[in-house]
Amino acid sequence: MSNLQERFAPGTVGAALASSGSIDNETLAAVIDGEIFDLQAPLPTGAKPVGLKARQEQALEVIRHSTAHVMADAVQRLFPGTLVTIGPSIETGFYYDFDRPDGGFTEEDLAAVEKEMTSIIKEGHDFVRVEVSRQEARDLFESMGETYKLEIIDGIGEDEQVTIYRHGKWVDLCAGPHVPSTRFLRSFKLLSSAGAYWRGDERNKMLARIYGTAFADKKDLRKHLAALEEAKKRDHRKLGTELDLFSIDEQIGGGLVLWHPRGAMIRMLIEDHWRKAHIKNGYDVVFTPHIGRSRLWETSGHLENYSEGMYAPMDLEGNPYYIKPMNCPFHISMYRNSLKSYRDLPLRWAELGTVYRYERSGQLHGLLRVRGFTQDDAHLFMPPDLLSDEIRRLLRFTNSLLGDFGFDDLEIRLSTRPEKFIGDPQIWEHAEAALREGLEAESIDYKIDEGEGTFYGPKIDIKIRDAIGRLWQCSTIQVDFNLPDRFDLAYIGEDSKRHRPVMLHRTILGSMERFFGILIEHYAGAFPMWLAPQQVAVLTVTDGQHDFAREVANALEQRGARVVLNLDSEKLGAKIRKARLMRIPAIAVVGDREVEQRGVSLRTRVSGDLGFKPLDEFLEWMVNEGTEPKV
């Protein structure tokens, strides 16, 4: 038996693996019913653990969490007086928040921390799990002066056992799991530092956060770092400035977007396609106000359950009004405007509705996290027996519309009832069952996100995968039995009696702002021809071709093409570089030969140099290439 096997006490997960012969020096944890367990943790009664190896995907969570501990150890070695707070693993790596007397960390500091981490790992420390009482944990961290740990401990029940982890002389309050020893931490990189409020509350002290990532081997780390570099090149904030698409002016306010003409053109094209697709799929387009009286938001439950995301009310003639964070109460009010029959249903109402939600300044992020945005929103009202069919129809529509914008690789999740919710639990179960039935009827693979539904209903969340493999949350389909009850919605059934309709909340693209940011990064600013704000640049070689170039541009515009005509006196090479920098898909060059033969020399971003094309052939090519997807 190896030393790794011998170290586990009877009754632990590691001992159970050792007795079954399913542990070796690459086993860093275990999986029991889908949950990761530390090898030193007590074995649950009747459990059958399965060893988790470093190269398995689930192992990354453990590797990264343990690397965060080593990073915190290195920081406290290098910067005495620094206090530690929390250091979890996250989807792409890990972070740890520190209260450092000297403030944040520089790039030089991060390099020094990395070097110290390497030294700690080479020392070959075991991670040792110890269970203590709440008071013992408090005494320990009080003696260390770790005030943030004391605050965490004070939130733990009096009778609860507390786990701490040691490696070498360094100790942390932690639930685990962790790797058996630092030798598993072979490949890591510290990425950046930033400020973060303690517990995410801007009323608390600003801490210094260090972000990092870790993998099982250096090959995977190098691949990840290369992807990060590619993501930097595609950053929508950087490209938004370079391509003159949008801006955010702090004089106006953070999270409030100014759409420049080139960006606004793309938005208009997206919205026009959205409207055509919705009308073809049986929707009616509606418009609603930007504000509503407080009693509307009281009835909907927003003031009770969502007030932290709403702006302060404004007083109008003694009545408090709120700027809307959501469109749904307005659509519900329209439904109530007249009595509906079962023959009128289903109703499918769609709106590009602008809403406003309070986001803390530290959470704002370009177009991806804003305070004012236009939601691709829709609400469907139907009898309960039509629910499954409408969900299936909606799943097909969502798949089609996302595909029009180049997103064919989707990840589907079903989000169930959260801790804070309104309505009858049995109604929630009915709603969750309807969503499952729709997914399974369409043969769609999906995962369960327990407790991630919103306060008024379960939902299907659809994530899109972009050109470099990142997942983005866009589409949501949500069943709501609760708001129809709160607003006393009804329809007259075939039996001439009043019945309660079911309501679906639905968004496909999400918000125009966020979707545009995703599109910029997906295409790296090089939009497909139908979405490009300028589809073709017509360039002259000398002043002698200006008249024919104008003729070409006019002919293009008459056919609906978006044209840049560059008649400047600069050299052709400079004109071509300018068009390429602006990611214009096609470049039509007009020189003396082109004037004589009445055509253009065409080069495109996708196909390169296509040579000479007669004018009529070029115009037909542009029309075909620039046509939007059929709805």
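Throughout, read-outs are computed from the coordinates displayed, never taken from laboratory work. Predicted model, so just to flag it, every value in this text is computed and none were measured. Please note: Cβ atoms are built from the backbone with ideal geometry, for glycine as well, and neighbour counts cover all protein chains shown.
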- Simple label model, 7 Å out from Cα along Cβ direction - E596 to E123, nm: 8.1
- Message: Show me the trypsin sites (Lys or Arg not before Pro) within segment 586-631 that DSSP assigns to loop and that have at most 14 other Cβ atoms within 10 Å of their Cβ.
- Response: R598, K630
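Of the peptides 144-150, 623-629, 513-519, 527-533, how do they stack up when ordered by the mean number of other Cβ atoms within 10 Å, highest first?
Numbers: 144-150: 16.6, 623-629: 14.7, 513-519: 24.4, 527-533: 21.0.
Ranking the peptides 144-150, 623-629, 513-519, 527-533 by packing returns 513-519, 527-533, 144-150, 623-629.
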- If each of D315 and T45 carries a label point 7 Å out from its Cα toward its Cβ, how far apart are those two points in nm? 6.3
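Below 8 Å, C-alpha to C-alpha, sequence gap of six or more: please give me the relative contact order for segment 3-53 in percent.
Relative CO of segment 3-53 lands at 41 percent.
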- Grab the Cα-Cα distance for R369 and K53, subtract it from 0.36 nm times how many residues apart they are, and report the gain in nm with one decimal. 110.1 nm
- Message: Using the basic label-point model (7 angstrom from Cα toward the beta carbon), what is the R500 to R293 distance in nanometres?
- Response: 2.5
- Note on the structure: Given a Förster distance of 25 Å, the FRET efficiency implied by the Cβ-Cβ spacing of S400 and V285, rounded to the nearest 0.05, works out to 0.85
- Task: Pull out the extension gain between R166 and Q135, defined as 0.36 nm times the separation in residues minus the alpha carbon to alpha carbon distance; nm, one decimal.
- Result: 9.4 nm
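In what sequence, highest mean first, do 456-466, 54-64, 130-140 appear when ranked by Cβ atoms within 10 angstrom? Intermediate results must be reported in sequence, preceding the final value.
Numbers: 456-466: 22.5, 54-64: 18.3, 130-140: 15.3.
Descending packing order for the listed peptides: 456-466, 54-64, 130-140.
How much of the calculated P(r) for segment 286-359 lies past 14 Å, in percent of all Cα pairs?
63
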- Cα extents of the chain along the three principal axes, largest first (Å): 88, 74, 55
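Sort Y335, Y446 by Cβ crowding within 10 Å, fewest neighbours at the top.
Details: Y335 21, Y446 17.
With the sparsest Cβ surroundings first, the list reads Y446, Y335.
Based on DSSP, what percent of beta bridges with both residues in the chain are antiparallel, to the nearest 5?
Taking every DSSP beta bridge within the chain, about 85 percent pair in antiparallel fashion.
Evaluate the relative contact order of the chain (contact order divided by residue number), counting alpha-carbon pairs under 8 angstrom at least 6 apart; express in whole percent. Write down the numbers at each step before the final one.
On the way: 1148 pairs, mean separation 56.8, N = 631.
Taking the mean separation of contacting Cα pairs over the length of the chain, I get 9 percent.
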- Query: Over segment 59-223, how many percent of alpha carbon pairs lie in each 10 Å bin up to the one with the longest distance?
  - Reply: 11, 40, 38, 11, 1
- Task: For segment 40-126, evaluate the Debye formula with one uniform point scatterer on each Cα (no solvent term) and list log10 I(q)/I(0) at q = 0.15, 0.24 Å⁻¹, rounded to two decimals.
- Result: -0.67, -1.27
- Message: Given R₀ = 22 Å, what would the calculated FRET efficiency be for Y358 paired with D272, taking r from the Cβ atoms and rounding to 0.05?
- Response: 0.10
